[in-house]
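All remarks here apply to the structure that follows.
Nothing in this text is a laboratory measurement; each read-out follows from the coordinates by a stated rule. Here the structure is a predicted model, which is why all the values come from computation and not from measurement. Glycine gets a Cβ as well: all are built from the backbone with ideal geometry, and neighbour counts include every protein chain shown.
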Amino acid sequence: MSTLIFFEHTNDAISPASLHAVTAATQIGGDVVALVAGSGCDGAAQAAAKVAGVTKVIKVDSAEYGHTLAENLAPLIAKLAEGHSHVLATATTVGKNIMPRVAALLDVAQVSDIIEVVDADTFVRPIYAGNALATVKSSDATKVVTVRGTNFDPAAAEGGSASVEDGSGEGDTGLSSFVGQELSKSDRPELTSAKVVISGGRGMQNGENFKMLEEIADKLGAAVGASRAAVDAGFVPNDYQVGQTGKVVAPDLYIAVGISGAIQHLAGMKDSKVIVAINKDEEAPIFQVADYGLVADLFKAVPELSEALDKA
Amino acid sequence: MKVLVPVKRVIDYNVKVRVKADQSGVELANVKMSMNPFDEIAVEEAIRLKEAGKATEVIAVSIGPTQAQETIRTALAMGADRGIHVVHDGDVEPLAVAKMLKGIVEKESPDLCILGKQAIDDDCNQTGQMLSALLGWSQATFASKIEIGDGDLTVTREVDGGLETIKVKAPAIVTTDLRLNEPRYASLPNIMKAKKKPIEQMSPADLGVDPAPRLQTVKVVEPPKREGGTKVADVAELVSKLKNEAKVI
Ligand SMILES: Cc1cc2nc3c(=O)[nH]c(=O)nc-3n(C[C@H](O)[C@H](O)[C@H](O)COP(=O)(O)OP(=O)(O)OC[C@H]3O[C@@H](n4cnc5c(N)ncnc54)[C@H](O)[C@@H]3O)c2cc1C
């Protein structure tokens, strides 16, 4: 048994998201080989070699991997998959974009977004926005799997001492090219790994009012999230969206403010340890999953909460 | 430019699904079915391209049971020109769907295929990428903006960190994200007109594809229930509970 993991990185450093896939690979068993494909990615390859559980790193340093273009990466991963029983990536937007292309090139099914490894062939994955959990068994020669980060603790970034081997690139397909990006800048923790998340919904009324949530976030060391309605209305950027079709989070504390609790939203946060809901409608479905529900006008309760946290 | 839009019939997003007692799947009998919402966005985008004079024809394709015809009719009522129905009962996985769509692409030679980024039933998020791989085409997934250029497309994508813009060569596969557009409702006259639009039928075998699933579903169960529902009286009680009971702040 041997697993090839597609590692995300910034060329200088590895992305913490990939550490979750290492844990899933360790549960599957056997060798864990990290692929670091990039342009000037020696720093990331060296960092991957230190990850506990990684037995070998393949570094492919070539211009065509400077951006995570699926058309260039998928043939490389498919080629390197040979001899491995499993190919894994974390189910980030990068992993979701590339891995099905790899699976199709290998003519195998992909098992998306697993939350549990039952055995080397059998995995549990949520379907229907997490309203059902399916256990599926694959008999494909190579199992292509994406891993839901929140269900696998990150592997330790230090402690390993894997060897780094150089691999060669497959060239640029010329099918696509990177034009630019507009990334949200924030000094707060990353949404999917934050210990505390405070999210706002349509009830926030506008983007300006999210400042109230940011104030609390800064007091709690929290990340700020949102419902789809808040993103659609332009209150906050798309990368704030928590839910079935946005990000999945499972912090120690999730505070939902002015969010009704549609199943699509619950799909992204109902595995949080403690859920707080602030909503003026006592019938709002969010209260059914909340450990602590506060029926109140958020424009009164949120400033009060902010003040109370100063004293707490 | 010819645009192909695959559409899937799924349990309506408002339905609370129930797991079958025998753990073989979820209850589909007497449940409201609709077009996958991401596919509605795909149909809308294709129609807008046609209205803008950029697309010449929009073809809606569905792979599914007899009733999938209704889903195709919905696309036709929104404004698609004609339909293709690959009649197939039972589960079909993204890889098999991609193979069937490849067969249709080879027959129809579209310049662009727009798919939903994921179906809200199996939540796989695979078909567009797989189709792109099988065809050796470019792919632009999770699109929130599409600009048609000369022989290429510039697509803005929703990614974990924010937005990314890429340029892809035509012919291309694009998958839709929520912010690409707001799909229209079909008007009554258009629903009537759609009844006369042609739908061609074929079988997986006609396309040379074996639709048998590769994955075996061992069981389908309900997730563990969350015990919620406790209310607090005010902010002071909330803070005290979070501090002393839950110990999370
Ligand atoms: C294909 C598809 C995918 C989707 N994916 C997602 C997803 O990933 N994530 C997601 O979140 N949604 C998703 N949705 C949307 C989802 O169905 C809901 O529409 C959305 O979550 C609603 O957002 P909301 O709770 O902010 O808004 P609403 O449902 O409008 O709720 C607003 C709430 O705010 C409360 N409120 C208003 N004013 C105040 C006040 N002053 N004080 C206190 N409370 C107040 C109201 O009582 C209400 O409960 C998806 C839908 C579809 C069809």
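Taking residue A:129, is it within 16 Å of the ligand (Cβ to nearest atom) and more than 25 Å from residue A:40 (Cα to Cα)? Yes; evaluated as a whole, the condition is true for this residue.
Of the strands (runs of 3 or more DSSP E) lying entirely inside the stretch A:152-249, those containing at least 3 residues that are more than 16 Å from the ligand (Cβ to nearest atom) are A:163-166, A:176-183. Of everything in the stretch A:277-299 that is β-branched (Val, Ile, Thr) and within 7 Å of another protein chain (Cβ to nearest Cβ), the residue that is farthest from residue A:224 (Cα to Cα) is A:295.
Out of all the residues in the stretch B:111-131, is one or more outside any loop (DSSP other than H, G, I, E, B) and surrounded by fewer than 21 Cβ atoms within 10 Å (Cβ to Cβ)?
no
Looking at B:181, B:190, just one residue is more than 10 Å from every other protein chain (Cβ to nearest Cβ), part of a helix (DSSP H, G or I) and over 16 Å from residue A:177 (Cβ atoms), and that residue is B:190.
Looking only at the stretch A:88-106, how many residues end up being facing another protein chain (nearest Cβ under 7 Å) and in contact (Cβ under 8 Å) with a residue 60 or more places away in the chain?
The total comes to 1.
All of A:85, A:18, A:62 fail the test of being under 27 Å from residue A:180 (Cβ atoms), more than 14 Å from chain B (Cβ to nearest Cβ) and of a type in the set (S, T, N, Q), apart from A:62. If you check residue B:169 against the conditions, is it surrounded by fewer than 14 Cβ atoms within 10 Å (Cβ to Cβ), at the interface with another protein chain (Cβ under 10 Å from one of its Cβ atoms) and more than 21 Å from the chain's Cα centre (by Cα)? For residue B:169, the condition - surrounded by fewer than 14 Cβ atoms within 10 Å (Cβ to Cβ), at the interface with another protein chain (Cβ under 10 Å from one of its Cβ atoms) and more than 21 Å from the chain's Cα centre (by Cα) - is not met. When the residues of the stretch B:18-30 are filtered to those that are free of Cβ contacts under 8 Å to residues at least 12 places away in the same chain and surrounded by 13 or more Cβ atoms within 10 Å (Cβ to Cβ), which remaining residue is nearest to the other protein chains (Cβ to nearest Cβ)? The residue in question is B:18.
This table checks each residue for (1) over 24 Å from residue B:134 (Cα atoms); (2) in contact with an Asp or Glu (Cβ under 8 Å, 6 or more places away or on another chain); (3) in a strand (DSSP E or B).
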position: B:39; (1), (2), (3): no, no, no
position: B:47; (1), (2), (3): yes, no, no
position: B:50; (1), (2), (3): yes, yes, no
position: B:54; (1), (2), (3): yes, no, no
position: B:60; (1), (2), (3): no, no, yes
position: B:73; (1), (2), (3): yes, no, no
position: B:76; (1), (2), (3): yes, no, no
position: B:84; (1), (2), (3): no, yes, yes
position: B:99; (1), (2), (3): no, no, no
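Among the residues of the stretch B:204-242, those that are among the β-branched types (Val, Ile, Thr), facing chain A (nearest Cβ under 7 Å) and not in a strand (DSSP E or B) comprise B:230, B:235, B:239. Here residue B:185 meets the list (1) under 23 Å from residue B:128 (Cβ atoms); (2) within 16 Å of the ligand (Cβ to nearest atom) almost entirely, failing just condition (1). In the condition set (1) more than 9 Å from the ligand (Cβ to nearest atom); (2) closer than 15 Å to residue A:205 by Cα; (3) not hydrophobic (A, V, I, L, M, F, W, C), residue A:260 is compliant with all but (1). All of (1) over 14 Å from the mean Cα position of the chain (by Cα); (2) within 11 Å of another protein chain (Cβ to nearest Cβ); (3) under 21 Å from residue B:66 (Cα atoms) hold for residue B:98 with one exception: (1).
For every residue, the table says whether it meets (1) under 30 Å from residue B:181 (Cα atoms); (2) within 14 Å of another protein chain (Cβ to nearest Cβ).
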{"position": "A:166", "(1), (2)": "no, no"}
{"position": "A:198", "(1), (2)": "yes, yes"}
{"position": "A:205", "(1), (2)": "yes, no"}
{"position": "A:210", "(1), (2)": "yes, no"}
{"position": "A:235", "(1), (2)": "yes, yes"}
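Please work out which one of (1) more than 14 Å from chain B (Cβ to nearest Cβ); (2) of a type in the set (A, V, I, L, M, F, W, C); (3) buried (at least 18 other Cβ atoms within 10 Å of the Cβ); (4) touching a residue at least 60 places away in the same chain (Cβ under 8 Å) is the condition residue A:76 fails and give its number. With respect to (1) more than 14 Å from chain B (Cβ to nearest Cβ); (2) of a type in the set (A, V, I, L, M, F, W, C); (3) buried (at least 18 other Cβ atoms within 10 Å of the Cβ); (4) touching a residue at least 60 places away in the same chain (Cβ under 8 Å), residue A:76 is out only on (1). Looking at the stretch A:116-123, can you tell me whether even one residue there is of a type outside the set (Lys, Arg), without any contact (Cβ under 8 Å) to a residue 24 or more places away in the chain and crowded, with 22+ Cβ neighbours inside 10 Å? Within the stretch A:116-123, one or more residues are of a type outside the set (Lys, Arg), without any contact (Cβ under 8 Å) to a residue 24 or more places away in the chain and crowded, with 22+ Cβ neighbours inside 10 Å. As a summary of the residue check, residue A:302 satisfies the conditions (1) within 9 Å of the ligand (Cβ to nearest atom); (2) part of a helix (DSSP H, G or I); (3) away from chain B (no Cβ under 11 Å) except for the one numbered (3). Taking the criterion of being among the aliphatic types (A, V, I, L, M) and closer than 28 Å to residue B:89 by Cα, the residues of the stretch B:171-213 that qualify are B:173, B:174, B:186, B:191, B:192, B:194, B:199, B:202, B:205, B:207, B:209, B:212. Evaluation of residue A:109 against the conditions (1) more than 7 Å from every other protein chain (Cβ to nearest Cβ); (2) touching a strand residue (DSSP E or B) at 6+ places or on another chain (Cβ under 6 Å) shows that the sole unmet condition is (1).
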